[in-house]
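What follows is a short report on a single structure.
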Amino acid sequence: MYRYIVGFISVPCALAPIYLSADVSSDNSVPFYFFLRSYAIGFFMAMFCTYVFPLYHCPSNPLLSHMVSRRKAMNKKYQIEGKSADLAYGMENLWFNADLEHQTLWVNLGYWEKATHSSRACEALFRKLLDESGITRQKEVSIVEVGCGCAETAQVLLKDYTDLCRTWIGLTISPMQVRMADSRLQKAQKAAALNCDSEYRIFHADAARPETWSEDIHRSVKSLKNPWLVAVDTLVDFRPSRKAILQYARNEIHASVAITDHLVVENISMLDRMKLWVSFRLLDTPLRHVLSRQQYIGLLVECGYEAEKISFVPYTEHVYAPYNQFINQQGQRWQEMGGSKWDYMDFSLAGWVAGWWARSGLVEACMIIARA
């Protein structure tokens with residue numbers, strides 16, 4: 001109702017300057033197009049109120065505002081009729097009952113052998129990487145994680161592996177992630193009651209370019225005992241390439257490597273390569289940054305690792321198809337609550353691409369382990 005009131009009020013407000021400045025002695029001083037312009041202003045202000053004001057219904061969560069603005073559409077869909085239809089609940093009660101504290105902040109494609117939710121799948125991938133690399137079978141290790149995001153892996157280590165991993169150093173290019181992760185890490189370290197010789201720290205740095213790191217970072221990583229370089233679904237985004245960080249890991253800190261990455265299969269046709277180019281461009285990733293197994297071996301050998309100590313553990317069947325299925329299910333639930341499909345379009349696109357990878361067989365997910 002407010003939009004109509006504003007629309008009607010805006011018309012005389014827009015006309016007032018015209019009448020006040022007009023020369024009433026002249027018949028042509030207030031031409032007809034002034035009236036048209038005034039009513040147009042009123043119309044656009046009414047539309048503004050219609051589509052912009054609903055954004056303020058849920059200021060703490062902008063996505064939920066879409067639900068509120070779609071109340072009448074939901075009423076019509078479920079055939080809520082009568083005078084009380086406009087009074088039927090929207091989805092503001094979701095905001096009221098929502099737990100707005102951050103639960104987990106994982107970002108990877110996950111390992112879906114048993115998991116049914118993204119947070120469990122992402123955690124399972126990290127745990128699987130620790131097992132397959134042999135890290136969990138060692139007495140004590142230090143971990144340098146590049147592209148660590150909001151340090152969810154550190155939370156897992158603090159929860160279950162404090163005796164194994166005394167030192168964790170995370171690097172992320174996002175200052176926002178550093179701020180978010182730092183406070184959560186401090187709380188987790190206090191809860192874990194770490195020994196004085198244990199240290200979990202996150203730094204703001206471009207992990208792809210070690211020459212730009214601060215002296216504090218260099219000093220911290222070079223003092224580590226039995227270091228491992230860990231990267232979970234991140235090296236494909238390193239610019240200009242993965243080479244610099246892998247060379248640094250081998251030559252400067254003598255670290256073993258445990259990473260997950262997505263590889264193209266060998267000996268594909270030109271048509272398949274074009275399809276792959278399109279699929280990776282949809283994810284804003286140039287195809288030249290996606291390697292095959294042989295290319296990965298060549299890169300690691302060039303960086304100083306021995307080919308005999310490089311191994312691949314594929315897990316394709318536990319990632320692409322179930323990831324796509326989860327995204328579709330999550331999107332369906334969101335729309336049933338009144339949300340819009342545009343709210344999660346980036347994830348929907350990633351899910352569709354992952355589903356195509358599963359069907360085409362042109363991309364494989366692998367854990368790559370290289371021991372120093």
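The values are calculated or read from the model by the stated rules, or taken from the named source; none is laboratory data. Owing to the predicted nature of the structure, the values given are computational and were not obtained by experimental measurement. Note that each Cβ is placed from the backbone with ideal geometry, even for glycine, and that neighbours are counted across all protein chains shown.
How many residues, within segment 265-285, are part of a loop (DSSP other than H, G, I, E, B) and either surrounded by fewer than 12 Cβ atoms within 10 Å (Cβ to Cβ) or of a type in the set (Phe, Trp, Tyr) (or both)? Give the derivation first.
Looking only at segment 265-285, we keep the residues that are part of a loop (DSSP other than H, G, I, E, B), and these are 265-269, 283-285.
Narrowing further to those that are either surrounded by fewer than 12 Cβ atoms within 10 Å (Cβ to Cβ) or of a type in the set (Phe, Trp, Tyr) (or both): 266-267, 269, 284.
Residues that pass the stated criteria total 4.
So which pairs qualify, if the first residue must be in segment 217-232 and in contact (Cβ under 8 Å) with a residue 40 or more places away in the chain, the second must be of a type in the set (Lys, Arg) and outside any strand (DSSP E or B), the Cβ gap must be under 9 Å, and the two must be at least 6 apart or on different chains?
Close Cβ pairs satisfying both conditions: Asn226/Lys139; Leu229/Arg250; Ala231/Arg242.
On the basis of being charged (D, E, K, R) and free of Cβ contacts under 8 Å to residues at least 24 places away in the same chain, does Asp163 make the cut?
On the way: charged (D, E, K, R): yes; free of Cβ contacts under 8 Å to residues at least 24 places away in the same chain: yes.
Spelling it out, Asp163 is indeed charged (D, E, K, R) and free of Cβ contacts under 8 Å to residues at least 24 places away in the same chain.
Conditions (1) more than 30 Å from Ala307 (Cα to Cα); (2) among the charged types (D, E, K, R); (3) modelled with pLDDT of 95 or more; (4) outside any strand (DSSP E or B), marked per residue:
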| position | (1), (2), (3), (4) |
| --- | --- |
| Gln329 | yes, no, no, yes |
| Gln332 | yes, no, no, yes |
| Gly338 | yes, no, no, yes |
| Trp342 | yes, no, no, yes |
| Phe347 | yes, no, no, yes |
| Arg359 | yes, yes, yes, yes |
| Glu364 | no, yes, yes, no |
| Ile368 | no, no, yes, no |
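Quick one: what pairs do we get from segment 309-334, first residue within 24 Å of Ser360 (Cα to Cα), second among the aliphatic types (A, V, I, L, M) and assigned to a loop (DSSP other than H, G, I, E, B), C-beta under 8 Å, 6+ apart or different chains?
Every condition considered, the pairs that remain are Val319/Leu109; Tyr320/Leu109; Tyr323/Leu109.
Take the residues in segment 196-212 that are under 19 Å from the mean Cα position of the chain (by Cα) and surrounded by fewer than 18 Cβ atoms within 10 Å (Cβ to Cβ); name whichever of them is nearest to Arg288 (Cα to Cα).
The extreme case among them is Asp206.
Mind checking whether some residue in segment 213-230 is in a strand (DSSP E or B), surrounded by 18 or more Cβ atoms within 10 Å (Cβ to Cβ) and more than 27 Å from the chain's Cα centre (by Cα)? Reasoning before the result, please.
Of segment 213-230, the ones in a strand (DSSP E or B) are 227-230.
Pick out the ones that are also surrounded by 18 or more Cβ atoms within 10 Å (Cβ to Cβ) and you get 227-230.
So of that shortlist, the ones also more than 27 Å from the chain's Cα centre (by Cα) come out as 227.
For segment 213-230, residues in a strand (DSSP E or B), surrounded by 18 or more Cβ atoms within 10 Å (Cβ to Cβ) and more than 27 Å from the chain's Cα centre (by Cα): present.
Where residues in segment 132-156 are part of a helix (DSSP H, G or I) and more than 22 Å from Tyr248 (Cβ to Cβ), which of them is nearest to the chain's Cα centre (by Cα)? So that I can check it myself, show each step before the final result.
Our first condition is that a residue be part of a helix (DSSP H, G or I); within segment 132-156, this holds for 132-133, 135-137, 152-156.
If we keep only those that are more than 22 Å from Tyr248 (Cβ to Cβ) as well, we get 132, 136-137, 152, 155-156.
Values: Glu132: 25, Thr136: 28, Arg137: 31, Glu152: 13, Gln155: 18, Val156: 19 Å.
The residue in question is Glu152.
Take Gln295 and decide whether it is at pLDDT 95 or above and assigned by TED's automatic domain parsing to the domain that holds Ser360. Walk me through how you get there before you give the answer.
Values: at pLDDT 95 or above: yes; assigned by TED's automatic domain parsing to the domain that holds Ser360: yes.
Criteria met by Gln295.
Mind listing whichever residues of segment 157-181 are within 18 Å of the chain's Cα centre (by Cα), surrounded by fewer than 17 Cβ atoms within 10 Å (Cβ to Cβ) and not aliphatic (A, V, I, L, M)? Can you show your working first?
So the first thing to find is which residues in segment 157-181 are within 18 Å of the chain's Cα centre (by Cα), and the list is 170-181.
The next check asks that each one be surrounded by fewer than 17 Cβ atoms within 10 Å (Cβ to Cβ); those that pass are 174-176, 179.
Listed by number, the residues that qualify are Ser174, Pro175, Arg179.
Any residue at all in segment 315-323 that's touching a Ser or Thr at 6+ places or on another chain (Cβ under 6 Å), closer than 18 Å to Lys114 by Cβ, of a type in the set (A, V, I, L, M) and buried (at least 17 other Cβ atoms within 10 Å of the Cβ)? I'd like the intermediate steps shown before the answer.
Going through segment 315-323, the residues touching a Ser or Thr at 6+ places or on another chain (Cβ under 6 Å) turn out to be none.
The answer is no; no qualifying residue exists.
Anything in segment 272-318 that is within 15 Å of Trp357 (Cα to Cα) and basic (Lys, Arg)? List them, or say none.
Correct list: Arg273, Lys275, Arg281.
Can you tell me how many residues in segment 240-264 are touching a residue at least 40 places away in the same chain (Cβ under 8 Å) and surrounded by 15 or more Cβ atoms within 10 Å (Cβ to Cβ)? Outline the logic, then answer.
As a first pass, look at segment 240-264 and keep what is touching a residue at least 40 places away in the same chain (Cβ under 8 Å): 241-243, 245-247, 249-264.
After this cut, where a residue has to be surrounded by 15 or more Cβ atoms within 10 Å (Cβ to Cβ) as well, the list is 242, 245-247, 249-250, 253, 255-264.
Selection size over segment 240-264: 17.
Residue check: is Ser360 surrounded by 14 or more Cβ atoms within 10 Å (Cβ to Cβ), in contact with a His (Cβ under 9 Å, 6 or more places away or on another chain) and touching a residue at least 40 places away in the same chain (Cβ under 8 Å)? Full working, then the answer.
Numbers: surrounded by 14 or more Cβ atoms within 10 Å (Cβ to Cβ): yes; in contact with a His (Cβ under 9 Å, 6 or more places away or on another chain): no; touching a residue at least 40 places away in the same chain (Cβ under 8 Å): yes.
No.
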